[in-house]
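Enquirer: Have a look at this one.
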Amino acid sequence: MDIQLFQTFLMVAKLGNMTQAAEQLNFTQPTVTGQIRALEQAFGVMLFDRVGKKLFITDAGRELIAYAEKLLTTYDEAHKALSAHPGNIKIGISTTTVNYILAPYLQSFQQQVPHCSVIMEMCSHAATVPKGIAENRFDLGIIQKELSLDYLTGFEVFKEQLVWVVHPKVAEKFKHSTDILEYPLLGYKAGGLFRSLYDKTLGRKKNESSIVYNDAEAMKNSILQGLGCGALPLNLVKHLLADGSLIEFTNVPRPEFSVWVVYHKEKKLSRAAMKLIDILKGEESGTME
């Protein structure tokens, strides 16, 4: 039953006049009359007696006043409580390297929606992200390639590049050779986007390595420890290239890939989730009311 019916009832009971109640509620008089009749039909009693042009509340109507006031008070309390807690946003991500991409966006989101929690779940397989969205386990997904699935919609957050890097001490051992194939190569697990980019750049046979990683973060740590050279997202190592902790093979092409945000076409997202989407799109303005 519409809460507005009780608001209208209380206004009519207070003023004793449907025309005045309609003016106060910014309704037409027929609308107010219809709402009172709807309540009377729902409870099976007369709430007002109509005597000529005068309106008199019945005993049943007087009894309903207390319940209507209590109902509206409870409704207001519930509305305030739920408005203060936007809930949480569940995000499925296909790689931990997305964390460094998300950081500035999440910082902006926390400032604008401080009471909402963002829960990120690392998925070992890229296919787990769209599956989780289909099963309503995730509100959003962040992936490293565009997907053509009927139930998904999304947008590109930004483009990224893989750069080929090595630790200065390792480069020194090889007399700073610019031929990357002379160095011990660290590889990526077959089936992933980074592996396919790796293969296209160096050739599949050159990606054979005794050390294979499922994630760029783990590879970065190994390269910093001097285990070999490999390909890493530029923004993940930009500061390490700037301070000389890593050296780039500038003669090797930088393959590009895109980072995408996806979500279900038919799911009604929360206001908090829509705010995060606006921030990721670069369209944020103001704060949630």
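Enquirer: Could you please state, rounded to a whole Å, how far the C-alpha centre of segment 48-91 is from the C-alpha centre of segment 173-204?
Expert: 68
Enquirer: Can you give me the angle between helix 59-83 and the longest principal axis of the chain, using Cα atoms only, in degrees from 0 to 90, rounded to the nearest 10?
Expert: Relative to the chain, helix 59-83 is tipped by roughly 10 degrees.
Enquirer: For a 28 Å ceiling on Cα separation, which of these pairs sit above it: Lys53/Lys80; Lys173/Lys220; Lys131/Lys268? Present the calculation step by step, with values, prior to reporting the outcome.
Expert: On the way: Lys53/Lys80 40 Å; Lys173/Lys220 19 Å; Lys131/Lys268 18 Å.
Where the Cα-Cα span goes over 28 Å, the pairs concerned are Lys53/Lys80.
Enquirer: Quick one: net charge around Ala218, please, counting Lys, Arg +1 and Asp, Glu -1 for every other residue with C-beta under 15 Å from its C-beta.
Expert: Details: positive: Lys189, Arg195, Lys220; negative: Asp215, Glu217.
For residues surrounding Ala218, the net value is +1.
Enquirer: Ranked highest first by average number of other Cβ atoms within 10 Å, how do 26-33, 40-47, 226-233 line up? Kindly include the intermediate steps, with their values, before the conclusion.
Expert: Values: 26-33: 14.6, 40-47: 13.1, 226-233: 22.9.
With the highest mean Cβ count within 10 Å placed first, the list reads 226-233, 26-33, 40-47.
Enquirer: I would also like to ask the following. Nearest 5 percent is fine: what portion of the DSSP beta bridges confined to the chain is antiparallel? Working shown, then result.
Expert: Details: 22 of 34 bridges.
Just about 65 percent of them are antiparallel.
Enquirer: For the chain, what are Rg and Dmax over the alpha carbons, in angstrom?
Expert: 31.0, 106
Enquirer: Measure nothing but the geometry: give the 0 to 90° angle between the long axis through the Cα atoms of 98-112 and the longest principal axis through the Cα atoms of the chain, rounded to 10°.
Expert: The answer is roughly 30 degrees.
Enquirer: With a Cα-only, solvent-free Debye model of segment 107-216, what are the log10 I(q)/I(0) values at q = 0.13, 0.18, 0.23 Å⁻¹?
Expert: These q points yield log10 I(q)/I(0) values of -0.71, -1.03, -1.34.
Enquirer: Between the helical axis of 3-15 and the dominant principal axis of the chain, each derived from Cα atoms, what acute angle in degrees is found, rounded to the nearest 10?
Expert: 30
Enquirer: What number comes out for the charge environment of His176, summing +1 per Lys or Arg and -1 per Asp or Glu over other residues with Cβ under 12 Å away?
Expert: Summing Lys and Arg as +1 and Asp and Glu as -1 gives 0.
Enquirer: Could you give the radius of gyration (one decimal) and Dmax (whole number) of the Cα atoms in segment 3-83, in Å?
Expert: Cα only, segment 3-83: 13.0, 45 Å (Rg, Dmax).
Enquirer: Grab the Cα-Cα distance for Glu135 and Met274, subtract it from 0.36 nm times how many residues apart they are, and report the gain in nm with one decimal.
Expert: On the way: separation 139, 0.36 × 139 = 50.04 nm, distance 1.94 nm.
Contour length minus the Cα-Cα distance gives 48.1 nm.
Enquirer: Using the Kirkwood formula on the Cα atoms of segment 142-268, what hydrodynamic radius do you get, in angstrom to one decimal?
Expert: Details: mean 1/r = 0.0641 Å⁻¹.
Evaluated on segment 142-268, it is 15.6 Å.
Enquirer: Here is a further query. Grab the eigenvalues of the alpha-carbon gyration tensor for segment 209-252, scale each by 5, take roots, and send me the semi-axes largest first in whole angstrom. List each step's numbers first, then the result.
Expert: On the way: eigenvalues 59, 26, 22 Å².
Semi-axes (√(5λ), whole Å): 17, 11, 10.
Enquirer: Quick one: net charge of Ala127's neighbours, Cβ under 13 Å, K/R +1, D/E -1? All intermediate terms of the calculation are to be shown ahead of the outcome.
Expert: Numbers: positive: Lys131, Lys145; negative: Glu135.
After counting each charged neighbour, the total is +1.
Enquirer: While we're looking at this one, here's another question. Hey, which aspartates and glutamates would be in cross-link range of Lys159, C-alpha to C-alpha under 17 Å, not counting anything within fewer than 8 residues on its own chain?
Expert: Output for Lys159: Glu146, Glu256.
Since every read-out is calculated from the coordinates, none of them should be taken as a lab result. Here the structure is a predicted model, which is why all the values come from computation and not from measurement. Cβ: placed from backbone, ideal geometry, glycine included. Neighbour counts: every protein chain shown.
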